[in-house]
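Inspection log for the structure reproduced underneath, given as structure tokens.
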Amino acid sequence: MDSRVKRITIGYTILIVLLIVLVILNICVGSADILPNRLWKAIRFPENDKVAYNIVFGLRIPRTFAAVILGGALAVAGFLLQNFFANPIAGPYILGISSGAKLTVAMLMVISLSKGFAANSAEMVIAAFVGSLISMGLILLISAKVQRMSVLIVCGVMIGYICSSVTDLVVNLSDDSNIVNLHNWSMGSFSGITMSDVLTATCIIIPACFCAFMLSKPMSAYQLGEEYAQNSGVHIKAFRITLILLSSLLAACVTAFAGPVSFVGVAVPHLIKSIFRTAKPVITLPSSFLGGAVFCLFCDLITRTLFAPTELSISTVTSIFGAPVVIYMLLNRERLKENG
Amino acid sequence: MAEIVLSTQKLSVGYGKKLVISGIDISVERGKILTLIGPNGAGKSTVLKTICRQLTPLEGTVYIGKNKLEELSGNELAKCAAALLTGKVKTEYMRCRDVVKMGRYPYTGRLGILSEHDKDKVEEAIKKVDIENIADNDFDSVSDGQRQRVLIAGAICREPQILILDEPSTFLDIKYKLELMDILKRLASEKKTAIIMSLHELDLAQRVSDKLLCIKGNRPDRFGTPEEIFTGGYLEQLYDVEKGSLCEYYGTLELHRSDGNPKVFVIGGGGSGITVYRKLHRLGIPFAAGVIHQNDIEYPVAFALAVKLVSEKAFEPISEENYQKAFEIMSNCESVICAVESFGTMNKQCQELLNEAKKAGKLVEGAFDE
């Protein structure tokens, strides 16, 4: 077999095995360990082990599936943005898109709490989408003005800071007992996500990822540059708009349910590309989704277990693993530039 | 008459509102090569970008066959016209072969997976441009010239009716420049591909093109065959260079002559003088030359480099008048070099010049350095 095909097959196999193992671990491990045989019994006879059943179905399964779906979505959003900006360091968190979504969701929450109604998950997603599009618009305006990618990244980080500060302000100004909940969310967490939230997220993310996958072909031409893509027959304008909408939607959806989750979008596609030794979207887009899911499952497991019963925010853990990857990439890029 | 694959009607091109060139009316037939020449910044690339729809025309229309350019779908256009412009191509984890494969883009299905037929075309193109030895190397790790050839292979494997190339010979060494021109010639004659390109190398443009479009100062200046363009000192005028800087027969260039009164007189003719002229020019010594027939192989070089040149009409023996002229100039020079090895009927006066030089003790023999 061709060594490249072999590498890709092995890569996918490892990712799927890791995914399955981590899903089981995430469901079984926690402040109350539920071993697989007890889990199996609880699933078959819910009445006999109500405690286990409630923990598994009320808390762990939604949380685990949230990590899978949302983690995958983040990695795909990052992958799309990297293609769009032709910059390996682009990602929804770094460019401030997640933070934009966070701001509008926080505002919706505060307003809805003060008016005495609870916003449903669809409304949250819409608010997040609006926020992410606003941030995205700002980034696009900046990118039209500056050619240097590093400037764009710095601007994105700054937009992120501004949005986060305003969010903090909004959260602190609102006076409610739910503030603690809001605070947790604004730090980023997979906890407290219900099964219906997961279903809503799935209904948005899976079609969006499928659309992104169907863009693999134009994306592969776009990777060689805009000029090249146009000569190959890609309708550049429509393609770019679709890419922007899809990545904003994916990032918004994640933020609406889990708050801002950092570095997954940057680190995972990069790791996937260097492991698979290809940047072909047909191969790397699905594997980025799997990689994002695995990465988030792993990080979420740490947030729950490291200082149990205290929980860390998900971004704390993803940053520890993700940020070094970004630093490595930056250094690597500089080195490449020096070599010509 | 051959089928016209691309034509323009009152085409004006430019960026946004800024007009670069207006009034372009050209047509290209199947299997013909059209080359755009003209000074830097004249707008050759702008024209090429417009006919491959990277830019929208400011006025006028481009026709691909009988269809208007703007009415074709992206895929239809990509199939019939492949373009290779000067924009930088960046890649990530792509072998040269993968880059060539991208050339088949418009023929592949929804996910861009290549069929066996596509793969054969890719291998054929790789062979054609002689990049088999680097096909498995990373595209980022190969040299600019190799990259250029990989991209050309990509354009070729698309098998377009029209191939648009913006300065395709940039970065190529002479071997590959020649090979590229051969490949283009073959594509034109065997596959009946129409080729539209811009070139800076006038010698290549002259040899490979069926038609030349000369662009200067916001308009197409001339459109014609190489024979029509390379004549009457037109190119020197096109590029705003001194008369004599360009040899119209060969399309080759000569540097500016050394200024000042001639110090050395070269008795030349027959071609052996060329190395002497070049050496004197290199040393910065102003020189005069004579008497050289206007159909002599070294006439263009002497014309470009000598401060003073005495020449005789083709096929005529050297006249007494010209001999006197040469003698006078020679008398004012410090030394004389004779590059002619043998004298015949037509240049026997040159032998006389040599004798006079010997008498005056001005003749420098063998290698000279000062």
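The values are calculated or read from the model by the stated rules, or taken from the named source; none is laboratory data. Quick caveat: nothing in here was measured; it's all calculated off a predicted structure. Heads up, the Cβs are rebuilt from the backbone with ideal geometry, glycines too, and the neighbour counts pull from every protein chain shown. These accessible areas exclude ligands, DNA and RNA; they are computed on the full protein's heavy atoms, side chains included. Shrake-Rupley method; radii C 1.70, N 1.55, O 1.52, S 1.80 Å.
Hey, which of these cross-link pairs are over 30 Å Cα-Cα: A:LYS237/B:LYS211; A:LYS102/B:LYS17; B:LYS66/B:LYS121; B:LYS216/B:LYS279; A:LYS217/B:LYS128; A:LYS280/B:LYS49? The partial results should precede the final answer.
Working: A:LYS237/B:LYS211 35 Å; A:LYS102/B:LYS17 41 Å; B:LYS66/B:LYS121 28 Å; B:LYS216/B:LYS279 35 Å; A:LYS217/B:LYS128 26 Å; A:LYS280/B:LYS49 27 Å.
Beyond 30 Å between Cα atoms: A:LYS237/B:LYS211; A:LYS102/B:LYS17; B:LYS216/B:LYS279.
How big is the A-B contact in terms of buried accessible area, both chains counted, 1.4 Å probe, rounded to the nearest 100 Å²? Could you put the intermediate results ahead of the total?
Working: alone 16650 and 18850 Å², together 33080 Å².
It comes to approximately 2400 Å² buried between A and B.
Report the one residue of A:ALA238, B:LEU202, A:PHE213 whose Cα lies farthest in the direction of the positive end of the charge dipole of the protein assembly as shown (charges on C-beta: Lys and Arg +1, Asp and Glu -1; origin at the Cα centre).
It is A:PHE213, whose Cα lies furthest towards the positive end.
How far is helix A:281-305 tilted off the main Cα axis of chain A, in degrees rounded to 10, range 0 to 90?
So the inclination is approximately 40 degrees.
Could you let me know the centre-to-centre spacing of the range B:87-107 and the range A:71-106, using Cα atoms, in angstrom?
So the separation of the two Cα centres works out to 26 Å.
Rounded to two decimals, what is the ratio between the C-alpha radius of gyration of the range A:5-48 and 2.2 N^0.38 Å?
Numbers: Rg = 15.0 Å, N = 44, 2.2 N^0.38 = 9.3 Å.
Rounded to two decimals, the normalised Rg is 1.62.
Hey, got the Cα dimensions of the range A:240-284 along the principal axes, in Å, largest first?
So the three principal-axis extents are 33, 24, 12 Å.
For the protein assembly as shown, which whole percent of the accessible surface, found with a 1.4 angstrom probe, sits on carbon and sulfur atoms? Show your work: numbers first, answer last.
Values: 19310 of 33080 Å².
The value for the protein assembly as shown is 58 percent carbon and sulfur by accessible area.
Using R₀ = 41 Å, calculate the FRET efficiency as 1/(1 + (r/R₀)^6) where r is the Cβ-Cβ separation of B:ILE113 and A:ILE126; round to 0.05.
Working: r = 37 Å, r/R0 = 0.90.
Calculated transfer efficiency: 0.65.
Suppose every K and R has +1 on its Cβ and every D and E has -1 on its Cβ; what is the size of the dipole of chain A about the Cα centre, in Debye to the nearest 20?
On the way: 23 positive and 15 negative charges, 195 e Å.
With Lys and Arg at +1 and Asp and Glu at -1, about 940 debye.
I'd like the FRET efficiency for A:VAL21 and A:MET195, computed as 1/(1 + (r/R0)^6) with the beta carbon distance as r and R0 of 25 Å, rounded to 0.05. Mind showing how you got there, number by number?
Numbers: r = 22 Å, r/R0 = 0.90.
Calculated transfer efficiency: 0.65.
In whole Å, largest first, what are the principal axis extents of the Cα atoms in the range B:260-370?
Projected onto its principal axes, the Cα set of the range B:260-370 covers 34, 30, 24 Å.
Please give the solvent-accessible surface of B:ASP138 in Å², to the nearest 10, using a probe radius of 1.4 Å with every protein chain present.
Roll a 1.4 Å probe over it and B:ASP138 shows about 60 Å².
How much accessible area does B:GLU356 have with a 1.4 Å probe, in Å² rounded to the nearest 10?
60
How many nm separate the modelled label positions at B:ASN261 and B:THR345, each set 7 Å beyond the Cα in the direction of the Cβ?
Using points 7 Å along Cα→Cβ, the separation is 4.0 nm.
Which semi-axis lengths, in whole Å and largest first, follow from the square roots of five times the eigenvalues of the Cα gyration tensor of the range B:4-234?
Ellipsoid semi-axes (Å, largest first): 29, 21, 16.
Could you work out, for the protein assembly as shown, what percent of all Cα-Cα pairs fall into each 10 Å distance bin, beginning at 0 Å and stopping at the bin that holds the largest distance?
It works out to 3, 12, 17, 16, 14, 12, 9, 6, 4, 3, 2, 1, 0, in whole percents.
How big is the range A:3-338 on each of its three principal axes, counting only the C-alpha atoms and giving the largest first in Å?
Cα extents, longest axis first: 65, 54, 34 Å.
Tell me which of A:VAL294, A:PHE190, A:SER165 sits at the most positive position along the dipole axis of the protein assembly as shown, charges placed on C-beta atoms (Lys, Arg +1; Asp, Glu -1).
Farthest towards the positive end: A:PHE190.
Find how many whole Å separate the alpha carbon centroid of the range B:332-354 from the alpha carbon centroid of the range A:1-18.
Using only Cα atoms, the two centres lie 81 Å from each other.
To make sure I understand the rule: partners must be lysines, Cα under 21 Å from the Cα of B:LYS325, and not fewer than 8 residues away in the same chain. Which ones qualify?
Candidates past the 8-residue exclusion: B:LYS263, B:LYS308, B:LYS313, B:LYS348, B:LYS358, B:LYS359, B:LYS362.
Calculated FRET efficiency, B:GLU334 and B:GLU179, Cβ-Cβ r, R0 41 Å, to nearest 0.05? Could the numbers behind the result be given before it?
Numbers: r = 48 Å, r/R0 = 1.17.
For B:GLU334 and B:GLU179, the calculated efficiency is 0.30.
Need the C-alpha centroid separation for the range A:239-274 versus the range A:191-229, integer Å.
9
Could you compute how much accessible surface B:VAL307 exposes when probed at 1.4 Å, giving the result in Å² to the nearest 10?
Approximately 50 Å² for this residue.
Net charge around B:ILE318, counting only other residues with Cβ within less than 11 Å of its Cβ (Lys, Arg = +1; Asp, Glu = -1)?
On the way: positive: B:LYS313, B:LYS325, B:LYS348; negative: B:GLU312, B:GLU316, B:GLU320, B:GLU321, B:GLU352.
Residues near B:ILE318 contribute -2 overall.
Can you compute the modelled spin-label distance between B:ALA2 and A:VAL154, with each label point 7 Å from Cα toward Cβ, in nm?
So the label points at B:ALA2 and A:VAL154 sit 5.5 nm apart.
Run the quick spin-label model on B:ASP130 and B:SER319: label points 7 Å from Cα toward the beta carbon, then report their separation in nm to one decimal.
5.1
So for the range B:15-102, Kirkwood radius off the Cα pairs, Stokes-Einstein at 37 °C and 0.692 mPa s: how many µm² s⁻¹?
It comes out at roughly 215 µm²/s.
Straight distance only, please: which aspartates and glutamates reach the Cα of A:LYS273 with their own Cα at less than 14 Å, same-chain residues fewer than 8 apart left out?
Within the straight-line cut-off, A:LYS273 pairs with B:GLU92.
Where does chain A land at 222 nm, in deg cm²/dmol rounded to the nearest 500, when only DSSP H runs of n ≥ 4 count, each adding -39500 (n - 2.57), divided by all residues?
Numbers: 15 runs with 262 residues, N = 340.
Calculated from helices alone, the mean residue ellipticity at 222 nm is -26000 deg cm²/dmol.
So what's Rg/Rh here for the range A:286-336, counting alpha carbon atoms and using the Kirkwood radius for Rh? Before the final figure, lay out each step's value.
Values: Rg = 13.7 Å, Rh = 12.2 Å.
Dividing the radius of gyration by the Kirkwood radius yields 1.12.
Of B:LEU363, A:THR305, A:ILE327, whose Cα points farthest to the positive end of the dipole of the protein assembly as shown (charges on the beta-carbon: +1 Lys, Arg; -1 Asp, Glu; origin at the Cα centre)?
A:THR305
If B:ASP182, B:ASP259, B:ASP203, B:ASP98 are ordered by their accessible area, calculated over protein heavy atoms with a 1.4 Å probe, which sequence runs from highest to lowest? Please report the intermediate quantities before stating the final value.
On the way: B:ASP182 90, B:ASP259 115, B:ASP203 55, B:ASP98 10 Å².
Sorted by accessible area, descending: B:ASP259, B:ASP182, B:ASP203, B:ASP98.
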